[in-house]
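Take a look at the structure below.
The values are calculated or read from the model by the stated rules, or taken from the named source; none is laboratory data. On a predicted model such as this, the values are computed, not experimentally measured, just so you know. Neighbour counts run over all protein chains shown; Cβ positions are idealised from the backbone, glycine included.
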Amino acid sequence: MIIIVALMSSCVHSEKPRSGSATAGNKGFAHGVASGDPTEQAVILWTRYEPIESESAKVDFEVSTDKGFETIVAAGSAKAEAASNYCVKVDVQGLTAGMSYYYRFKSGDDYSPVGKTKTLPENVDRLKIGVVNCAKYSGGYYHAYEELAKMEDIDVVIHVGDYIYENGASKPGSSYWPSTQATGRQHDPPRECISLEDYRTRYSQYKLDSSLQKLHARFPMIVIWDDHEIAMIKHMTDPDTGEKIPNPNWEERRDNSIIAYHEWLPLRPKAFETIYRSFQFGDLVNLMMLDARVCCKSEVTKTQASLEDTSRHIIGNAQLQWIMDGVNTADADWNVFGNQLLISLKGNGWERWQGFPYDRDRFLSFVEANPKRNFVFTTGNAHNPHHYIVLNEDKTDTLLHEFLPGSVSSGNNAEKAFYDPTILAKEEKRLTEAENVLWFHQDSHGFIVLDVTKEELRAKWYFVSTIREKEYALLEPYAYRLPSNGL
Ligand SMILES: [Fe+2]
């Protein structure tokens, strides 16, 4: 991986592109561009450039305040080479807070597509955040990414996990098979990802998708991983029988998955296994992206005794302290969390927050002790869109709202009903009876947009009418207005 601090050169007039991108197969700039993890002065820019004939290539980048690249405010170069799978990441410094920028890369005569990004503001009155998750390639078309990319005035997109899936090819009889058949979208490699090469191939496939490329080119994205990026389970699938079998080289596999994650996504991690981090949008929103999967989580043990064990964690003491310090220091009107696993439910759910009541209770005590902080969770993993609330112990107050987008393309309950027809009725009953579910849907895919001002947070769920056909419609089934201090 290459991270280079940009050399500043103000107001340099750029040359016009001399030719289009040479993108034979996966080569050239075939995977587009991306940006992410903005600060007030910096942003990560990403591309991949695989030279057609040589082993490595010098890749230049330019950042401009205008689309025509008349005024270049930052420029520099990096090296694309096999050691980092030809992925190029640049941490451009010296930018101005709250500004939109255009950027592009070039190598020789090849130019990348132009991307647009935005730094964090010092002060801001209104913020729009897109929320996406769970995009299994073989599940269907990425219409949700396509539609979010068309939205106006989105400041940042957060991806709350399952950017890729490590699973092998979908097969006849599986719930994904109807989608795979309809779309022809089959996983590459056609086996479960184990080696670094497998993971790189999988990211390459996902990032060749034109809708995902459009979304990345349009807005900065802040990502966190869920289970499917990072080989959570210590088993692998036997390619012959399809059975889960122990993987003696699990640590190596997990390292492979994390190496590829850092190569292919535009994040600025604290460390190899530490990705929880925060972003402050003036004094309006403190955005905290959590890790409830890797850095600090105890092994999931499905025993009653484990629920009493205060040495078992989902986010750990250090991350919990980081949250409390971050909320207090930011002193923002809203505290928005990106989070992998549902926090609202109690009861069964061993891998979720409720499987780790020591951490959950301490976090919710902190929330309850800070009633004016406006805590909002955006949570992934569920595949079906929901709006939950967490109530206090005597059910007189709402502690926080939890918003779950529909998946981009991973199987929702209606699709899972392919192999378990009873699932829809069971879920309908359970969710209708739950006191803390305000809204849910079982047959949809889409995303959420949060529109935040000092006075209110509006959450709007968007659906696409199908992911199995190229033609579709955009639907707006549900919206919720949350007044500040109105929890
Ligand atoms: Fe998922």
Out of the range 84-103, which residues are more than 25 Å from the chain's Cα centre (by Cα) and under 17 Å from residue 261 (Cα atoms)?
none
Could you please let me know if residue 188 is away from the ligand (no atom under 16 Å from the Cβ), under 22 Å from the mean Cα position of the chain (by Cα) and farther than 21 Å from residue 219 by Cα?
yes
Across the range 390-406, which residue is farthest from residue 486 (Cα to Cα) among those that are among the aliphatic types (A, V, I, L, M) and buried (at least 18 other Cβ atoms within 10 Å of the Cβ)?
404
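Conditions tested, residue by residue: (1) at pLDDT below 95; (2) at negative phi; (3) buried (at least 24 other Cβ atoms within 10 Å of the Cβ); (4) not in a loop (DSSP other than H, G, I, E, B).
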{"site": "58", "(1), (2), (3), (4)": "no, yes, no, yes"}
{"site": "68", "(1), (2), (3), (4)": "no, yes, no, no"}
{"site": "83", "(1), (2), (3), (4)": "no, yes, no, yes"}
{"site": "89", "(1), (2), (3), (4)": "no, yes, yes, yes"}
{"site": "96", "(1), (2), (3), (4)": "no, yes, no, no"}
{"site": "105", "(1), (2), (3), (4)": "no, yes, yes, yes"}
{"site": "113", "(1), (2), (3), (4)": "no, yes, no, no"}
{"site": "123", "(1), (2), (3), (4)": "no, yes, no, no"}
{"site": "128", "(1), (2), (3), (4)": "no, yes, no, yes"}
When you scan the range 306-353, how many residues do you find that are outside any loop (DSSP other than H, G, I, E, B) and within 22 Å of residue 286 (Cβ to Cβ)?
22
All-but-one check, residue 130 against (1) under 13 Å from residue 215 (Cβ atoms); (2) within 12 Å of the chain's Cα centre (by Cα); (3) within 16 Å of the ligand (Cβ to nearest atom), failing number (3)
Does residue 150 qualify as being buried (at least 19 other Cβ atoms within 10 Å of the Cβ), basic (Lys, Arg) and either within 16 Å of the ligand (Cβ to nearest atom) or not assigned by TED's automatic domain parsing to the domain that holds residue 42 (or both)?
no
Residues of the range 271-290 being assigned to a loop (DSSP other than H, G, I, E, B) and more than 17 Å from residue 337 (Cβ to Cβ), which ones?
272, 273, 282, 283
Within the range 410-419, the residues that are in contact with a helix residue (DSSP H, G or I) (Cβ under 9 Å, 6 or more places away or on another chain) and away from the ligand (no atom under 14 Å from the Cβ) are 414, 417, 418
Being of a type in the set (Val, Ile, Thr) and surrounded by 15 or more Cβ atoms within 10 Å (Cβ to Cβ) is the filter here; which residues of the range 407-439 pass it?
408, 423, 437
Is at least one residue of the range 70-80 free of Cβ contacts under 8 Å to residues at least 60 places away in the same chain, surrounded by fewer than 22 Cβ atoms within 10 Å (Cβ to Cβ), in the same structural domain as residue 57 (by TED's automatic domain parsing) and part of a strand (DSSP E or B)?
no
Condition set more than 16 Å from the ligand (Cβ to nearest atom) and of a type in the set (Asp, Glu), scope the range 153-163, selection modelled with the lowest pLDDT: answer is 153
Subset of the range 398-409 that is closer than 19 Å to residue 477 by Cα and among the hydroxyl-bearing types (Ser, Thr, Tyr) - its residue that is farthest from the ligand (Cβ to nearest atom)
409
Restricting to the range 35-56, and then to whatever is aliphatic (A, V, I, L, M) and under 14 Å from residue 93 (Cβ atoms), can you tell me which residue is surrounded by the most Cβ atoms within 10 Å (Cβ to Cβ)?
45
Among the residues of the range 117-125, is there at least one that is of a type in the set (A, V, I, L, M) and touching a Lys or Arg at 6+ places or on another chain (Cβ under 8 Å)?
no
Qualifying position, being more than 16 Å from the ligand (Cβ to nearest atom) and not in a loop (DSSP other than H, G, I, E, B), among 426, 395:
426
Looking at (1) closer than 30 Å to residue 57 by Cα; (2) within 16 Å of the ligand (Cβ to nearest atom), find the lone condition where residue 102 falls short.
(2)
Out of all the residues in the range 138-146, is one or more farther than 25 Å from residue 284 by Cβ, away from the ligand (no atom under 16 Å from the Cβ) and surrounded by fewer than 24 Cβ atoms within 10 Å (Cβ to Cβ)?
yes
Looking only at the range 350-392, which residues are more than 16 Å from the ligand (Cβ to nearest atom), of a type in the set (S, T, N, Q), in contact (Cβ under 8 Å) with a residue 24 or more places away in the chain and under 18 Å from residue 436 (Cα atoms)?
374, 392
Tell me whether the range 164-177 contains one or more residues that are closer than 30 Å to residue 152 by Cβ, under 21 Å from the mean Cα position of the chain (by Cα), at pLDDT 90 or above and assigned by TED's automatic domain parsing to the domain that holds residue 447.
yes
Mind listing just one residue for me: the one in the range 363-389 that is surrounded by fewer than 18 Cβ atoms within 10 Å (Cβ to Cβ) and among the charged types (D, E, K, R) and, of those, nearest to residue 486 (Cα to Cα)?
372
Could you check the range 228-264 and list, in sequence order, the residues that are more than 16 Å from the ligand (Cβ to nearest atom), closer than 18 Å to residue 161 by Cα and acidic (Asp, Glu)?
255, 263
